[in-house]
1. Quick one: in segment 63-108, which of the residues that are of a type in the set (Phe, Trp, Tyr) and modelled with pLDDT of 90 or more is surrounded by the most Cβ atoms within 10 Å (Cβ to Cβ)?
2. Suppose we filter ARG138, ARG126 for residues that are free of Cβ contacts under 8 Å to residues at least 60 places away in the same chain, basic (Lys, Arg) and surrounded by 12 or more Cβ atoms within 10 Å (Cβ to Cβ); which single one remains?
3. Which of the following residues is buried (at least 16 other Cβ atoms within 10 Å of the Cβ) and not β-branched (Val, Ile, Thr): ALA25, ALA47?
4. Among the residues of segment 89-127, write down those that are among the aliphatic types (A, V, I, L, M) and under 16 Å from GLY140 (Cβ atoms).
5. Please go through segment 28-44 and give me each residue that is of a type in the set (S, T, N, Q) and surrounded by 17 or more Cβ atoms within 10 Å (Cβ to Cβ), ordered by number.
6. Taking the criterion of being basic (Lys, Arg), touching an Asp or Glu at 6+ places or on another chain (Cβ under 8 Å), outside any helix (DSSP H, G or I) and free of Cβ contacts under 8 Å to residues at least 60 places away in the same chain, would at least one residue in segment 63-73 satisfy it?
7. Right, ILE34: in a loop (DSSP other than H, G, I, E, B), within 17 Å of GLY67 (Cβ to Cβ) and touching a residue at least 12 places away in the same chain (Cβ under 8 Å) or not?
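The values are calculated or read from the model by the stated rules, or taken from the named source; none is laboratory data. Just so we're clear, the structure is a prediction, and the values are computed from it rather than from any experiment. All Cβ positions, glycine included, derive from the backbone under ideal geometry; neighbour counts span all protein chains shown.
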Amino acid sequence: MGWGIKLTDEQWDELDRVRFTAKSADVFRNCLIILKSDSSDTIGSIAEDLGCGTDTVVRVRRLYRKGGVAALRPIKPPGRPTRATPQFIASMRQAVMANPMSLGYGFSTWSIARLGAHLGKTTGIRFGDDQLGRLLRRHGFSFQRPKHTLRGKRDEAAYKKSKAELIILKKRR
């Protein structure tokens with residue numbers, strides 16, 4: 001089962017082109033496995049050189065023999081499917097565009113934590129603050145921490161008078 005693969009010049013060029021235009025590290029590695037197989041490297045040495053298992057080398061070589069270069073591309077993307085379903089994204093957009101007070105909250109500005117709690121309650125899907133921030137940016141929303149001040153809620157004339165009195169009191173010491 002350790003037979004090498006003999007490539008034509010055209011096959012070599014095609015593998016090289018796919019390797020250098022691949023956006024996936026797996027496709028790059030798969031092309032290298034086939035190219036190294038052409039140079040009579042053993043399955044063990046290919047696996048060691050590329051940091052993968054011998055079972056991966058055997059599988060990739062089998063895929064190439066059956067389907068050519070197209071078989072070197074993964075059928076499905078790696079990783080688990082996202083929990084950010086289209087319905088979740090739609091709910092996120094709707095919530096971000098709404099004033100929290102109109103949804104029954106006692107604040108007028110969303111923070112990521114508050115938005116995450118709201119979406120968790122309404123959709124049943126919870127994300128950490130960092131991941132929710134990445135989702136917001138990916139969908140065109142920008143955010144920053146709200147700055148909470150009393151400016152606008154205080155009586156400015158009384159504030160200035162009290163500040164002047166405080167300066168006088170400090171000078172008396």
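1. TYR64
2. Working: ARG138 fails: surrounded by 12 or more Cβ atoms within 10 Å (Cβ to Cβ).
So the residue among ARG138, ARG126 that is free of Cβ contacts under 8 Å to residues at least 60 places away in the same chain, basic (Lys, Arg) and surrounded by 12 or more Cβ atoms within 10 Å (Cβ to Cβ) is ARG126.
3. Working: ALA25 fails: buried (at least 16 other Cβ atoms within 10 Å of the Cβ).
Unique residue meeting the criteria: ALA47.
4. ILE89, ALA90, MET92, ALA95, VAL96, MET97, ILE112, LEU115
5. ASN30, SER37 - these are the residues of segment 28-44 that are of a type in the set (S, T, N, Q) and surrounded by 17 or more Cβ atoms within 10 Å (Cβ to Cβ).
6. Among the residues of segment 63-73, not one is basic (Lys, Arg), touching an Asp or Glu at 6+ places or on another chain (Cβ under 8 Å), outside any helix (DSSP H, G or I) and free of Cβ contacts under 8 Å to residues at least 60 places away in the same chain, which makes the answer no.
7. Taking the combined requirement at face value, the residue does not satisfy it.
Matching residues to (1) in contact with a helix residue (DSSP H, G or I) (Cβ under 7 Å, 6 or more places away or on another chain); (2) assigned by TED's automatic domain parsing to the domain that holds GLY133:
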{"residue": "LYS23", "(1), (2)": "no, no"}
{"residue": "SER37", "(1), (2)": "yes, no"}
{"residue": "SER40", "(1), (2)": "no, no"}
{"residue": "ARG65", "(1), (2)": "no, no"}
{"residue": "SER91", "(1), (2)": "yes, yes"}
{"residue": "GLY104", "(1), (2)": "no, yes"}
{"residue": "ALA113", "(1), (2)": "yes, yes"}
